[in-house]
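Beneath this line is the structure, given in structure tokens, with notes to follow.
The values are calculated or read from the model by the stated rules, or taken from the named source; none is laboratory data. On a predicted model such as this, the values are computed, not experimentally measured, just so you know. With ligands, DNA and RNA removed, areas are computed over all heavy atoms of the protein, side chains included. Shrake-Rupley method; radii C 1.70, N 1.55, O 1.52, S 1.80 Å.
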Amino acid sequence: LGGSCANLLLSHSQITRLYSRFTSLDKGENGTLSREDFQRIPELAINPLGDRIINAFFPEGEDQVNFRGFMRTLAHFRPIEDNEKSKNPTASEPLNSRTNKLLFAFRLYDLDRDDKISRDELLQVLRMMVGVNISDEQLGSIADRTIQEADTNGDNSISFNEFIKASFVLTLHTLL
């Protein structure tokens with residue numbers, strides 16, 4: 001793995017633990033994981049966005065993920081503070097940077113992968129998260145308000161840059 005995983009910033013012990021977890025999930029013992037392997041993870045099985053998270057592990061058109069791909073996706077979830085330990089101005093941005101974490105989250109909402117979150121996509125994800133606990137009318141109102149607040153160019157969708165700005169505003173409101 002060596003240099004190709006340099007921007008993952010994982011220690012040897014973290015890689016060893018991840019490999020142990022990977023092999024325990026690899027029921028076919030073929031060095032890859034399938035969607036079914038992920039669906040056996042209880043935390044993903046009960047997560048309303050479990051299928052969206054599982055899909056993040058698989059590149060377009062792929063139905064298996066190897067250990068490198070497994071590590072690469074999980075690296076998004078590492079705390080951002082870990083980046084401070086190895087600042088290298090020539091290195092590419094770490095997968096657990098704020099921007100890459102936001103891109104990962106954005107892709108959970110961008111169901112058709114057109115680099116925009118439409119009202120329908122937002123509604124589908126909201127429905128996944130809240131189930132039947134909120135009426136369609138309330139969900140529609142939440143989706144409309146969210147797009148209205150985040151959409152700065154008036155195309156009735158949320159681009160990644162708009163998503164970043166909206167998350168910054170949300171973070172700022174949380175801090176105040």
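Key figures for this structure:
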item: Probe 1.4 Å, all protein chains present, accessible-area order of His76, His12, largest first; result: His12, His76
item: Karplus 3J(HN,Hα) series, Hz, for segment 134-144 with 6.51 cos²θ - 1.76 cosθ + 1.60 (x for Gly, Pro); result: 10, 5, 4, 5, 5, 4, x, 5, 5, 4, 4
item: Segment 122-168 - convex hull of alpha carbons, volume per residue in Å³; result: 76
item: Amide H within-cut-off set for Ile117, under 5 Å, with H built and near neighbours excluded; result: Ile158, Ser159
item: Whole-Å distance, taken between Cα centres, linking segment 15-46 and segment 114-159; result: 32
item: Karplus 3J(HN,Hα) series, Hz, for segment 44-49 with 6.51 cos²θ - 1.76 cosθ + 1.60 (x for Gly, Pro); result: 7, 5, 9, 6, x, 9
